[in-house]
Amino acid sequence: MAFVKVAQQVYVPSLPTLWPHMLAGEGATPGWLPFSHARAHWFYFARNALWTAVRILGLEGSEVLLPAYHHGVEVEALVDAGMVPRFYRVGPRWEVDLEDLERRITPSTRVLYLEHYAGFPGPAAEVRQLADAHGIMLWEDCALSLLAADGDQPVGTTGDLAFFCLYKTLPLPHGGAMVINGERDYALPEMPRPGWASTFSHLASSLLQNAELRGGKVGGALRSTVRLMGKGAVAASRVERVATGTRHFEREQVGLGLSPLTLRIASNIDLADVVERRRRNAFLLMAQLREVAPPLLTQLPPGACPLFFPLLVEDKPAVLRGLREAGIDAIDFWRDFHPACPASEFPDVARLRRSVVEIPCHQDLSTERMQQIAAITRRVVHAAGTRRAHG
């Protein structure tokens, strides 16, 4: 296996970081979903909201149709709650195969499950029509698409239920939400708050990442020192830190709720500015990387709020290694199928899993920093291609 080595030039975290001013004051409730929705219910993880929805609706033993291109943790949550997963085709550019979806609906199907990938809206209106025609529910997975819209229609407003993850798009310590649309409401149990020490640990880590992002070597040295001290303090105090960004559903965490501090921080963030910056950064990468890698997405539709820039590469391990050595925290996006999904039936998805790399384009990154990211990425992808061509 060939790896690309590039001298470290930048520090680029994969997720946005917490700025100190976001902790001060308490702004008004943001006028964006899910924050503005009268029937938004809050959880520590979006996956916990999925599990809870299955149970309160009594869907144990019924079938849910999911996209073959999925993370896996959502499937785990649905299966653990008692649903039977079936899968439909997604094409090579994240497009839902509506004909295949309809063909796979059976009398046991109770839910059509639509995922909005990385801030790019899926065909919610079309899937809504299918759900209505068959008398079944539509659930929208907006975990990667907080703040996104399809034109003027926010994602999460078309399905009977919609599920959001807060901390992937915003610098929050944790947070998931379930939004209930339509006339009917459901009684949900009160979720206990997470321990303050766990929440503080996440906030401190994000603040330190912000210091390194802004302070270069000095900020990096500070972060390294504090991290070493923090690990010792956490071990000594036996704080149970509930990790985010994990790959698997944990039943013992299903009843964990949201810290009020999470919503307070969200109220101090200019969400319209977040969308504008993410779109600007993704557009820059789209323009500068199209010649070094085949574009997965050829345009930035109105309302899209890119979570990251999806880069299609031939040698994923080498590109990931090269970017990380250069200081860019690129992510191996959705590499594995859930075991319940027959991978051989979905070759387009299998190729996506082998090929897609997450390139950060979040709101913390300036135009100058994005230019650096683009230049490093071009160099790494070119080097990986050259080494691959020479064996």
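The values are calculated or read from the model by the stated rules, or taken from the named source; none is laboratory data. Because the structure is a prediction, the values reported are computed rather than measured. We place every Cβ from the backbone using ideal geometry, glycine too, and count neighbours over all the protein chains shown.
Structure data summary
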| quantity | calculated |
| --- | --- |
| Yes/no for G322 being under 28 Å from E276 (Cβ atoms) and crowded, with 17+ Cβ neighbours inside 10 Å | no |
| The one condition in (1) surrounded by fewer than 18 Cβ atoms within 10 Å (Cβ to Cβ); (2) more than 17 Å from V349 (Cα to Cα) that L78 fails to fulfil | (1) |
| Flag if G385 is out of contact with any Pro (no Cβ under 9 Å at 6 or more places or on another chain), in contact (Cβ under 8 Å) with a residue 24 or more places away in the chain and more than 21 Å from Y11 (Cα to Cα) | yes |
| Positions within the stretch 354-374 being outside any loop (DSSP other than H, G, I, E, B) and without any contact (Cβ under 8 Å) to a residue 24 or more places away in the chain, in sequence order | E368 |
| Residues located in the stretch 337-353, provided they are closer than 25 Å to V12 by Cα and either charged (D, E, K, R) or surrounded by fewer than 19 Cβ atoms within 10 Å (Cβ to Cβ) (or both) | R353 |
| Yes/no for L172 being surrounded by 21 or more Cβ atoms within 10 Å (Cβ to Cβ) and outside any strand (DSSP E or B) | yes |
| L208 outside any strand (DSSP E or B), within 23 Å of D270 (Cβ to Cβ) and modelled with pLDDT under 95 | yes |
| Scope the stretch 129-168; condition in contact with a Gly (Cβ under 9 Å, 6 or more places away or on another chain) and over 19 Å from L50 (Cα atoms); matching residues | L147, A148, A149, D150, G151, D152, Q153, P154 |
| Scan of the stretch 54-72 for residues that are aliphatic (A, V, I, L, M) and either assigned by TED's automatic domain parsing to the domain that holds G255 or surrounded by fewer than 19 Cβ atoms within 10 Å (Cβ to Cβ) (or both), ordered by number | I56, L57 |
| Positions within the stretch 262-295 being surrounded by 15 or more Cβ atoms within 10 Å (Cβ to Cβ), modelled with pLDDT of 95 or more and over 16 Å from P34 (Cα atoms), in sequence order | R277, R278, R279, R280, N281, A282, F283, L284, L285, M286, Q288, L289 |
| Every pair of residues 6+ apart whose Cβ atoms lie under 7 Å, when the first sits in the stretch 179-206 and is closer than 15 Å to A53 by Cα and not assigned by TED's automatic domain parsing to the domain that holds C165 while the second is surrounded by fewer than 16 Cβ atoms within 10 Å (Cβ to Cβ) and small (G, A, S) | M191/G255 |
| Members of the stretch 81-115 found to be more than 21 Å from the chain's Cα centre (by Cα) and part of a loop (DSSP other than H, G, I, E, B), listed by number | G82, M83, D97, R104, I105, T106, P107, S108 |
| Members of the stretch 120-151 that are touching a helix residue (DSSP H, G or I) at 6+ places or on another chain (Cβ under 7 Å) and either at pLDDT below 95 or on the phi > 0 side of the Ramachandran plot (or both) | L147 |
| Failed item in (1) loosely packed, with under 13 Cβ neighbours inside 10 Å; (2) modelled with pLDDT of 90 or more, with S237 passing the rest | (2) |
